[in-house]
Amino acid sequence: MRNLEGKITENSIVSFAWGRFKNNFPTILFYTIIFFLILMIFGVKYSLVASTATLLFEVRFRKSIKPTELVRMIFISLVLCLLAYAATQNAVMSILLNFTVPFLLVFLQSSQFVPKGHFGYAMTFAFLELIPLTQEQFKIQFVVVAFSSVIAALALLLYGRFFSVKTDGRKLVNDSLVKLAEILDKLAAGDNEKKITSQLYEMEQAFQKLAYESNHHLYMPDRNKHFYNMFALLIQRAMYLVTDGAWSAEKSNEENVKAVKMLAYFTRKCADANDSAKREKLKREANGLFLSCSLPDGRVKIFYRSYLYISAMLLRMADSGDDWKERMSYRIPWKTVFESLPNRLSTDSFEIRFAIRLAVVMSISFTVSLLWDFEHTYWFPLHAFLLVQPSYEESAHRMVTRPIGTIIGCLLVHLIYPLLPGMTGIFVFSVLMVAIMYCCTPGTWVQPIFSTASAVTMALLTVEESAAVQLRIFYLFMAVALVMVVNKFCFPSKKEGQFRRNIKILLGLQRHYWGVVQKSLRGETKPEISGEILAYFHMIYNEAATYLKSVPESERKEYSETMDTLWNMFSEVEQVICLVQSGEAPPDEYGSLYYISELLMDRIDKINSEWQEVDSIELTFKSETKYVIDGYLNNLERLYNDKKLAQIIGV
């Protein structure tokens, strides 16, 4: 039995290692080729460029990359090479550029949903200034960067052409429509609502992520982003119906059950609509079902009509093709860009907090390295750059794992280096260590073993072994001390603090969304805008929900109630927008809606005051609008009495 267990364990380890190697083989192969090319053509002094080129390849080879993006990658790499050289000229330039460049890279490339979007270019900038160069040496390095970037671009094109698995957007949508139809059938059949909610949530998050990945800092129009946002909106309609308890209350009515079954049938037909004639027919059918709806007043009726309304919009978007693109303005909407800056530049935003910490660490460590005339001082900023992470917890974790891995790596070199057969053996061993490093999980104690083994082995070409080991460990602990101080005193980003900021953002989005209601009443907005806001809300909500999984059960329950209330409120204000944009809210209600939106925006601002009842709602709205407004008011009153929310917003 013990022998059998041993074999199973051994097979599992081999299977795991082989899977890691196979998954990272393109990166390993690229690094090996580019390293030896640079070594043979330009010399060992410029071998660090192989690491930067490999990272640019690694973060892109699994994605669908356009040729224009590769041209931009080459251009940015060359610009960063120039800036890195300029940063090594004197202390003033070092402080200025090592603060400004990382700050801008984080601000423009990263977000709390993609916290390491900056890493590829930031590492390129950092590695290219590790060793100060003469003017003649810089000219060679510039050529090396251009050469390696072009090789990386060609490798990405070849990999994308022959090996990458491309995402078929149309198939993805069709498969999701079929799955959505199945879920609606299960809902009508009385299946477990918790399981249905989980399935809908997974689908919705998948499309929100696709929409977010199509996002642009300058808010340029993107057809895919709008389509994915609207599709996520369609899924959210079903989620709202289930999560607020309305379906449990209204499913006893046979007409409501038949309506959900009809939507499931209609959704299947949408999945099969693979030409414009079929889509045109379905658009007319959706319009007919919308106008002929005779369901009893309530949430199911609102869901039924809004589902058909969004389905018709998606059919129009799918059928518009190039005409849709021609109707879009490709000019940068500078007004929107500037309006977004106050929020993005706030010290509560993830980007600013992390950007400042990274900029401070890099400006201090690189300037010390530049001014300190000693052996291998560049290891200090290198360690510091790798230790400073978006979250406090991740940085603290690496401050433990990196020293462990570094010490083991130094011991490995001590044992292996005497056995290496000359220069060829040193280079082969170094590449082998890097290859194994690419198979390891970043942030663990294992990865630094192999990165250290490679770096120290190369350093032994110019420094004695004992000195190289001592310096590697000494500079590491200097970096730990620096990052520890910066993380503690310079805009710390603990996960608990980010959770509290996320709750504040979710509350602030309530007010912002009522502003969208007012713009809808004036005819100044489009459905895509509400889709973008909704996508942002749900991305924030999902991040907050992920954090709650790590807190104690009692505390999690209280916070979950707050988040559920915010979720339901957002679904209700979103339903109001749909009622306005679909024409279900008659124009004679617009004045009352505008008034109640002003009142609710004011109430959200005064969440810490005593709740006061809102009068005359029954007299000013038809039943559909009244149903949603009443639900929103009940949830807002619940927030007024929420002690956890009061703690979060500092009341």
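The values are calculated or read from the model by the stated rules, or taken from the named source; none is laboratory data. Keep in mind the model is a prediction, meaning the values are calculated, not measured. Every residue, glycine as well, gets a Cβ built from its backbone with ideal geometry; the counts of neighbours run over all protein chains shown. Quick note on the areas: whole protein, heavy atoms, side chains included, nothing else; ligands and nucleic acids left out. Shrake-Rupley method; radii C 1.70, N 1.55, O 1.52, S 1.80 Å.
Is the shape of the range 403-540 rounded, prolate or oblate, going by the alpha carbon gyration tensor and its root eigenvalues a ≥ b ≥ c, with a/c under 1.5 for rounded and a/b larger than b/c for prolate? Judged from the Cα gyration tensor, the range 403-540 comes out prolate (a/c at least 1.5, a/b above b/c).
Only helices enter this figure: runs of n ≥ 4 DSSP H residues, each worth -39500 (n - 2.57), summed and divided by the residues of the chain, yield -26500 deg cm²/dmol at 222 nm to the nearest 500.
Here Lys45 is the anchor, and the lysines within straight C-alpha reach of less than 20 Å, apart from those fewer than 8 places off in the same chain, are Lys139. When each of the peptides 303-310, 416-423 is scored by how many other beta carbons lie within 10 Å of its residues on average, the order from highest to lowest is 303-310, 416-423. With a ≥ b ≥ c the root eigenvalues of the C-alpha gyration tensor of the range 62-193, is it rounded (a/c under 1.5), prolate (a/b larger than b/c) or oblate? It comes out oblate by the Cα gyration axes. Which one is right for this structure if Cα Rg over 2.2 N^0.38 Å is calculated from it: (i) 2.01; (ii) 0.93; (iii) 1.11? Here Cα Rg over 2.2 N^0.38 Å agrees with entry (iii).
Between His512, Ser15, Ile95, the Cα set farthest toward the positive side of the dipole of the chain (charges on each charged residue's Cβ, about the Cα centre) is that of Ser15.
Of the cross-linked pairs Lys504/Lys643; Lys281/Lys301; Lys63/Lys269, those separated by over 20 Å at the C-alpha level are Lys281/Lys301; Lys63/Lys269.
Is the shape of the range 40-96 rounded, prolate or oblate, going by the alpha carbon gyration tensor and its root eigenvalues a ≥ b ≥ c, with a/c under 1.5 for rounded and a/b larger than b/c for prolate? Because a/c hits 1.5 or more and a/b fails to exceed b/c, the range 40-96 counts as oblate. If you take the Cα centroid of the range 441-482 and the Cα centroid of the range 245-318, the two points sit 62 Å apart. Rounded to 0.05, the FRET efficiency of the His414 and Asn23 pair, given R0 = 30 Å and the Cβ-Cβ distance, is 0.45.
What you get for the chain, charging only the Cβ of Lys and Arg (+1) and of Asp and Glu (-1), is a dipole of about 1480 debye around the Cα centre. Across the options Ile131, Ala152, Phe374, the greatest Cα extent toward the positive end of the charge dipole of the chain (unit charges at beta carbon of Lys, Arg, Asp, Glu) belongs to Ala152. Sorting 445-456, 592-603 by average packing, meaning the other beta carbons within 10 Å per residue, from highest down gives 445-456, 592-603.
As an exercise, use a Förster radius of 30 Å and the Cβ-Cβ distance of Tyr590 and Glu613 to find the FRET efficiency, rounded to the nearest 0.05. Efficiency, from the Cβ-Cβ distance: 0.80. Relative to one another, the C-alpha centroids of the range 344-361 and the range 546-566 are positioned 27 Å apart.
Towards the positive end of the charge dipole of the range 533-604, with charges on Cβ (+1 Lys, Arg; -1 Asp, Glu), say which of Tyr594, Phe570, His538 has the farthest Cα. Positive-end residue among those listed: His538. The 3J(HN,Hα) values that the Karplus relation (6.51, -1.76, 1.60; θ = phi - 60°) gives for the range 191-198 are, in residue order, 5, 4, 6, 5, 5, 4, 4, 4 Hz. Gly and Pro appear as x.
Rolling a 1.4 angstrom probe over the protein heavy atoms with all chains in place gives the range 396-473 an accessible area of 44 Å² per residue. Just the number, please: carbon plus sulfur as a percent of the accessible area of the chain, 1.4 Å probe, no ligands or DNA/RNA counted. C and S fraction of accessible area: 60 percent. Our summary of shape: the Cα atoms of the range 498-617 have principal axis extents of 50, 35, 19 Å, ordered from largest down, in whole angstrom. Protection proxy ranking for 105-112, 457-464, 247-254, using the average of other Cβ atoms within 10 Å per residue and placing the highest first: 105-112, 457-464, 247-254.
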